[in-house]
Amino acid sequence: MSKPEQFEGGFLTELLEDSKANTIAIGAAAMVPLLAMVGGAVDASRYYMTETRLQAACDAGALAARRAMETTEFTADHRQIGENFFDQNFESGMFGIENGTRAYTATSGGEVVGTASGNLPTSLMGIFGYGGFPVSVDCNADINISNTDIMFVVDVTGSMNCAADNPNGGNCNNTEIPTSKIVGLRTAVMDFYDTVESATSPQAQVRYGMVPYASNVNVGNDIVARNANWMASDAVFQSRWAKWDQDEEWNFIREEILEINRTGDEWTDVGRNRTVVDSDSKKECKALKPDDLDIYVYDTLGKHQGIQNETINGNQRIREYRDDNERVRYGTGFANFKEDRDECAYGHRLWEDKADVTFQTIEERDPPFFVDWIYTEVDTANPPGLDNPSTAPAGWNTVNIRNAYGSSRQVQVPMSETSGNEGGMINATWDGCIEEANTATGTTWDPIPAAALDMNINLIPSTEAERWKPVIQAVGWQRKDNTGLTDYDDDTSRSWRGTRVLTDVEGKTRLNSEGSVVPMAQAGYSCPAQAFRMAELENNTTASTDGVMRTRQDLQNYVDSLRGRSNTYHDIGMLWGARYISPRGIFASDNATAPNGDAIGRHIVFMTDGILAPNSEVYGTYGVEWWGRRVSGDANYNTLASAHAERFQAACRLARQENISVWVVAFGTALSQNLIDCASPGRAFVADDSTQLSDRFKEIAQRIAALRLTN
């Protein structure tokens, strides 16, 4: 083969003819595809790194924009928030990208939609004619809640009537003002509902419940509706009973003969008695003739065999006697006219014999009279005052507290103060607040003492010790003397009313000299709004007509009814919040599963405006604590506060152990360590005013609603 003309002579010809130099040509030729492979890999890597970072930035902006949306409305401010987050995660020109863009919009349902794009210049691949690669990503973010139960446990104590910045704290005289914290609470709850509702999946079940708490919780109606046998048959009250007395002196009224049986052989004529009067005629005299006498007793009765029987009926006593060989008489009537004297002699011819006589005497005494009230602990299973006279008003022995669980919620208790009927029965209405099951004293609650039956949030009562008792305002009384609170184990037979002068029916006076003491007072008492069980609420503005919680308007009406009263007992609020939402216990059939079969997220939102502040003179969930001593052995404030604080922590632990998330908000107060320790990790918040409270509630709602990417 002849060589091409262009290879004749010159360097290439020589190189071609030199076999050793052939490898240079081969190597040079091989560099072209190798360079393409390396350049492609480098630029592909740059592309994927850029796309990944661009996607992350797009997602971050979408999530931030959606979190900022309180409703489904998307505004320019929300767009700006999305773009700002994008820019923080993808700086301009990163990876050399050119002509970068990012944009955020939202669908009518509130889903945020984002796009980002740019052109990535090539590096090595540019020598092959590739100028750059277009890069674009899409992102979507939404809030879409799944099956969720939310239990509000809210402080409705007296200080909630104050503004958050009120230096007087709880000293607001139970008067709500426009800037009251309780007004802010109402708004925050509704904002929470609206935030969650806007994120609820149509297939999901979202339910709400609420336990308002102070020194009491109003849960009794729900217990009775579930099973009235979970309420006790007897209870111990710090109360009083009416002491009545009666004089023993009986006053003779009359005597009545019941039966006369003759024992003699014959009647003996013992003369006659007569009366002589002027008379004008025999007819006139005859009209004066008396009837024959029935047999009658001549001697004084009651000297022989004595009392045979005695009957006391109220204030009347009847005694029956039998006297043998009493003299008895009867008389034959006569009337004789003496015409020559114009006189009429009339009377009886008397006859006498022996007889056995049965007769009765009737005596009466003054009615019973009220002496005083005895202030003491009253156990309806062993009622006091049974030594009262039989005609005194019925006392504690006739009380049946189970009547309080009937449809009228009324029970008769011996609390009447009407003169002459002190201690008589009055109708007392049970408003639904309860005393807890048996508990233990002390401040060590980890582990919880076995005797503390009340601390079992899944308690299903089967014994009297486990059952809840009604708090009945009318029966709660204090015991004080001139030095203040008396010891709880003081002489319970003492009359704590003070000296009184009483007058009986005959005008006699009797002095009660048990000692001069200050008048007693009823224990302070307040029962908050009735708690409501977990309920799925329709998002409309029509209230239900049957009182059942089922719409947004029902929730609005409910929070509008909340009022601030009494003292702060965090433990009882948390206990019942946990009971209402627990998948076990007395509400298990409501809470264990959801209709769609999916898992249920459970949350307690606990809000308080102050530190735990028990009051030993208030009639609360553990009775009147100064005298009942159910929680603390000495009932002084510091010991009592420590005991309730430890019980609060125990209740919080029990809730978290049921896989319930506990969110805590301190409203207008410091976030104490006690509150921080109650909350699930990272779920304790502070709100300085009502605006911040709404913000905190909305933030909690958004976090519960599980903000997520949707692509």
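For region 592-711, the residue among Thr593, Pro681, Ala705 whose Cα projects farthest onto the positive side of the dipole built from Cβ charges is Thr593.
Sorted largest first, the spans of the alpha carbon positions of region 571-638 along the three principal axes are 51, 25, 16 Å. With both labels modelled 7 Å from their Cα along Cα-to-Cβ, the Thr179 to Asn325 distance reads 10.4 nm. Site pair Ser544 and Asn229 shows an inter-label distance of 2.7 nm when each label is modelled 7 Å from Cα along Cα→Cβ.
Using r as the Cβ-Cβ distance of Ile318 and Lys338, and R0 as 41 Å, what FRET efficiency do you calculate, to the nearest 0.05?
0.25
Subtracting the Cα-Cα distance of Leu301 and Thr593 from 0.36 nm times their residue separation leaves 96.4 nm of extension gain.
Taken over the Cα atoms of region 597-684, the convex hull encloses 120 Å³ per residue. Summing Lys, Arg as +1 and Asp, Glu as -1, what charge do residues with Cβ under 14 Å from the Cβ of Thr157 carry, Thr157 excluded? Result for the local shell: -1. Over the C-alpha atoms of region 375-451, the Rg to Rh ratio, Rh being the Kirkwood estimate, stands at 1.12.
Ranked by accessible surface with a 1.4 Å probe, highest first, in what order do Tyr104, Tyr298, Tyr330 come?
Accessible-area ranking of Tyr104, Tyr298, Tyr330, largest first: Tyr298, Tyr330, Tyr104.
One quarter of the convex hull surface, Cα atoms only: what value does that give for region 192-232 in nm²? Write down the numbers at each step before the final one.
Details: hull surface 19.2 nm².
Computing the convex hull of the Cα atoms and averaging its projections yields 4.8 nm².
In a fully extended conformation the segment linking Gln203 and Thr358 would gain 46.5 nm over its present Cα-Cα distance, using 0.36 nm per residue.
The alpha-carbon of Lys286 sits under 19 angstrom from the alpha-carbons of these aspartates and glutamates, leaving out residues fewer than 8 places away in its chain: Asp278, Glu339, Asp340, Asp342, Glu343. By a 1.4 Å probe calculation restricted to protein chains, Asp194 has an accessible surface near 60 Å², given to the nearest 10.
Of the residues Glu646, Glu91, the one with the largest accessible area comes first in the ranking Glu91, Glu646, computed with a 1.4 Å probe on protein heavy atoms. Taking Cβ atoms as reference points and 13 Å as the exclusive limit, the residues near Ala465 contribute a net charge of -3, counting Lys and Arg as +1 and Asp and Glu as -1. With R₀ set to 51 Å, the beta-carbon distance separating Arg563 from Asp366 gives a calculated FRET efficiency near 0.55.
With each label modelled as a point 7 angstrom along the Cα→C-beta vector, the Ala103-Leu386 pair spans 9.0 nm.
Quick one: which of 665-675, 569-579 comes out on top by average Cβ neighbours within 10 Å, and what's the full order, highest first?
Details: 665-675: 19.1, 569-579: 27.5.
With the highest mean Cβ count within 10 Å placed first, the list reads 569-579, 665-675.
Once Rh for region 225-356 is found with the Kirkwood sum over Cα pairs, what is the Stokes-Einstein diffusion coefficient at 10 °C and 1.306 mPa s, in µm²/s? Please report the intermediate quantities before stating the final value.
On the way: Rh = 20.7 Å.
Translational D for this selection: 77 µm²/s.
Charged neighbours of Glu339, selected by a Cβ distance under 15 Å, balance to -1 (K, R count +1; D, E count -1). Heavy-atom accessible area with a 1.4 Å probe sorts Glu70, Glu343, largest first, into Glu70, Glu343. At the residue level, Ser108 shows approximately 120 square angstrom of accessible surface with a 1.4 angstrom probe and all protein chains present.
I'd like the antiparallel share, as a percent to the nearest 5, of DSSP beta bridges with both residues in region 608-709. Working shown, then result.
Working: 2 of 8 bridges.
In region 608-709, approximately 25 percent of DSSP beta bridges are antiparallel ones.
The alpha carbon convex hull volume per residue for region 127-256 rounds to 379 Å³. With all pairs of different C-alpha atoms in the average, the Kirkwood value for the hydrodynamic radius of region 523-672 is 17.5 Å. With a cut-off of 18 Å, note down the residues of region 661-687 whose backbone N falls inside the zone around a label point 7 Å from the Cα of Glu699 toward its beta carbon. What the label zone holds, given the 18 Å backbone N cut-off, is 662-673, 675-687. Can you give the log10 of the normalised intensity I(q)/I(0) at q = 0.11, 0.15, 0.17, 0.19 Å⁻¹, computed with Debye over equal Cα scatterers of region 273-420? Once normalised to I(0) and log-transformed, intensities are -0.72, -0.93, -1.02, -1.10.
The values are calculated or read from the model by the stated rules, or taken from the named source; none is laboratory data. Every value quoted in this text rests on a predicted model; they were computed, and no experiment measured them. Here Cβ is always computed from backbone atoms with ideal geometry, including for glycine, and neighbour counts include all displayed protein chains. Just the protein is used for accessible areas: all its heavy atoms, side chains included, with ligands, DNA and RNA removed. Shrake-Rupley method; radii C 1.70, N 1.55, O 1.52, S 1.80 Å.
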